[in-house]
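Scroll down for the structure; my scribbles are underneath it.
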Amino acid sequence: MKILITGSNGMTGQKIIYVCHGKSNIQLIATSKGANRTQLKDGYIYESLDITNESEVEAIFKKHQPDAVINTAAFTNVDACETKRGECKKLNVEAVEYLIKSCEKYNAHLIHLSTDFVFNGENGPYIETDTPEPQSYYAQSKYDSEQLLIKSKIKWTIIRTIIIYGVVDDNSRSNLVLWVKNNLEKKQKINVISDQFRSPTLAEDLAGACINAALKKATGIYHVSGKELMSIIDIAKIVADFFGLDASHINSVTSAQLNQPAKRPPVTGFILTKAKHDLDYHPKSFLEGLNLIKSQLEKF
């Protein structure tokens, strides 16, 4: 199967490259803007691609004619999306239109990543059939992209996920786990929200679900996340304890006190039954994920 990834320099994109490596049944084309930042360079093709450029998207599809496309590229800075709405719409909605158009032309299956933020957070954890109610511009953009797929004529899969954590090859990208660890190592005080609840998702687990969706030709909406629902402050305290850091530098704040530009859902979390059954999805526990991260960070 010929699989094309967008956003391969991002965390999920890189992990998909590693998950696919050495699999004789997969021919991988990795794409991202600019140079290839994944350390592993062999066993796949890399192409520079700006998915907000429709002619570039068309040219890549024409050249490679993939069987499946995994779209990991997105504008994910939730607060920045509130102020940079044009940029957000371009990458999260318009680029998806271009992918759909090319997928239709070349009969490719589009696997698209979405978010728990499409829900209002009043009734979590959620199943795939629960009704979305986006609370921010970022969430609305992801919901709009979902609607494009649902209304399209192509084979599609939407994989919603929650707080992805992991380590990229050059350790250049942060996420909740690394942000807590790095700040506490510097003995810096951090404000962490106490009244929002999430199920953090290990990037390797998410990558595996994306690949299985392609290989199994699974279509529809899937919820893919970690299996433990925790408050964000508890996540931070577990990280502190795991890495032997001083949790007294963690300052508990409420959503109202932090007053972030974009509204967040208070409680999300997912019911994973469908993904377990259809995608053979069996996520690691949060502590197992932290163990993996610890071993990866020892390389730097």
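The values are calculated or read from the model by the stated rules, or taken from the named source; none is laboratory data. Note that the structure is predicted; figures quoted are calculated from it, not measured. Here the Cβ is made from the backbone with ideal geometry for all residues, glycine too, and neighbour counts use every protein chain on show.
Quick notes on this structure:
- Cβ separations smaller than 7 Å between residues 6+ apart or across chains give the following pairs from the stretch 280-299 residues that are closer than 25 Å to Lys216 by Cα to residues that are in a helix (DSSP H, G or I) and not hydrophobic (A, V, I, L, M, F, W, C): Asp280/Asn212; His282/Lys276; Pro283/Asp205; Lys284/Asp205.
- Those helices (runs of 4 or more DSSP H) of the stretch 231-289 in which 1 or more residues are of a type in the set (Ser, Thr, Tyr) and within 21 Å of the chain's Cα centre (by Cα) occupy 273-279.
- Subset of the stretch 11-39 that is more than 19 Å from the chain's Cα centre (by Cα) and in contact (Cβ under 8 Å) with a residue 40 or more places away in the chain - its residue that is surrounded by the most Cβ atoms within 10 Å (Cβ to Cβ): Ile26
- In the condition set (1) within 19 Å of the chain's Cα centre (by Cα); (2) surrounded by 18 or more Cβ atoms within 10 Å (Cβ to Cβ), Ala80 is compliant with all but (2).
- Qualifying residues in the stretch 149-163 (those that are farther than 26 Å from Arg198 by Cβ and of a type outside the set (D, E, K, R)) - the one surrounded by the most Cβ atoms within 10 Å (Cβ to Cβ): Ile154
- The one condition in (1) of a type in the set (Phe, Trp, Tyr); (2) outside any loop (DSSP other than H, G, I, E, B); (3) modelled with pLDDT under 95 that Phe300 fails to fulfil: (2)
- Search result, residues across the stretch 182-220 that are among the aliphatic types (A, V, I, L, M), closer than 15 Å to Ile111 by Cβ and surrounded by fewer than 19 Cβ atoms within 10 Å (Cβ to Cβ): Leu215
- Number of residues in the stretch 226-252 that are in contact (Cβ under 8 Å) with a residue 40 or more places away in the chain, buried (at least 16 other Cβ atoms within 10 Å of the Cβ) and closer than 26 Å to Tyr126 by Cβ equals 11.
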